[in-house]
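Structure record follows, encoded as structure tokens.
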Amino acid sequence: MKRSLRKRETTQNRTQKHAEKHKVQFPSFSRFITDIKRGLLAVKLWLRQETLKALFSLVSFLIIVLMGFVGVKLQSMVVQKQELEKNRAAILTEIQYWQNVVIRYSNYRDAYFKIAILEYQLGNDKEAKEYLAKTLVLDPNFEQGRSFEKLLQ
């Protein structure tokens, strides 16, 4: 009897071990929902990261394009400034020439008139009026001088 009892216990133990080993485990429903939530959160996080990367790339691209436009505009402004400085230097040289002419020939109306026009081109209205006044003292009937006088007023 002891032997058959032992045999039964051994058989039962084997059966229990076999059942435990091959027991089908079903996931709990609450765990399934949590897993779905985790998966959705991971997807949302990934989408946010990808959206942020795309937005950063777009903003970087726009900044680079704007820097290019600003660079081109700056280059054109530098060239324009250089041309203006060159023109200003040429006008100053020409004024110097005509002032030397006036020193030699003090009654030369056209030299005073030319200096008045050049001073006006530089934006020196006061000096332009002074030289124009000298021009009109030398020749009060000078038509170009009278029309330039109207322009200066």
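Can you tell me the length gained on complete extension of the stretch PHE69 to LYS86, counting 0.36 nm per residue apart and subtracting the Cα distance? Don't skip to the answer; put the middle values down first.
Values: separation 17, 0.36 × 17 = 6.12 nm, distance 2.58 nm.
Gain on stretching PHE69 to LYS86: 3.5 nm.
Work out from phi, with θ = phi - 60° and the Karplus expression 6.51 cos²θ - 1.76 cosθ + 1.60, the ³J(HN,Hα) of each residue of the stretch 129-138, listed in order in whole Hz, and give x for Gly and Pro.
5, 4, 5, 5, 4, 5, 4, 6, 5, 5
How much length is gained if the chain between SER76 and ASN107 is pulled fully straight, taking 0.36 nm per residue apart and subtracting their Cα-Cα distance, in nm to one decimal? Don't skip to the end; give the middle numbers.
Values: separation 31, 0.36 × 31 = 11.16 nm, distance 4.43 nm.
Length gained, SER76 through ASN107: 6.7 nm.
I need LEU132, LEU47 ordered by Cβ neighbour count within 10 Å, fewest first. Please list the in-between numbers first.
On the way: LEU132 24, LEU47 10.
Going from least to most buried by this count: LEU47, LEU132.
How large is Rg over Rh for the stretch 29-152, taking Rg from the Cα atoms and Rh as the Kirkwood inverse mean of 1/r across Cα pairs? Don't skip to the end; give the middle numbers.
On the way: Rg = 34.8 Å, Rh = 20.4 Å.
Here the Rg-to-Rh quotient is 1.70.
Can you flag which of LYS73/LYS129; LYS73/LYS114; LYS73/LYS150; LYS86/LYS114 are past 29 Å Cα-Cα? Walk me through the numbers before you get to the answer.
Details: LYS73/LYS129 37 Å; LYS73/LYS114 35 Å; LYS73/LYS150 38 Å; LYS86/LYS114 19 Å.
Among LYS73/LYS129; LYS73/LYS114; LYS73/LYS150; LYS86/LYS114, the Cα-Cα distance tops 29 Å for LYS73/LYS129; LYS73/LYS114; LYS73/LYS150.
If you keep only loop residues by DSSP, which chymotrypsin sites (Phe, Trp or Tyr not before Pro) in the stretch 98-127 have at most 14 other Cβ atoms within 10 Å of their Cβ?
Numbers: sites: TRP98, TYR105, TYR108, TYR112, PHE113, TYR120; in loops: TYR105, TYR108.
Hits after loop and neighbour filter: TYR105.
Since every read-out is calculated from the coordinates, none of them should be taken as a lab result. Please read these numbers as outputs of a predicted model, since none were measured by experiment. FYI the Cβ positions are ideal-geometry reconstructions off the backbone, even for glycines, and counts take in every protein chain you see.
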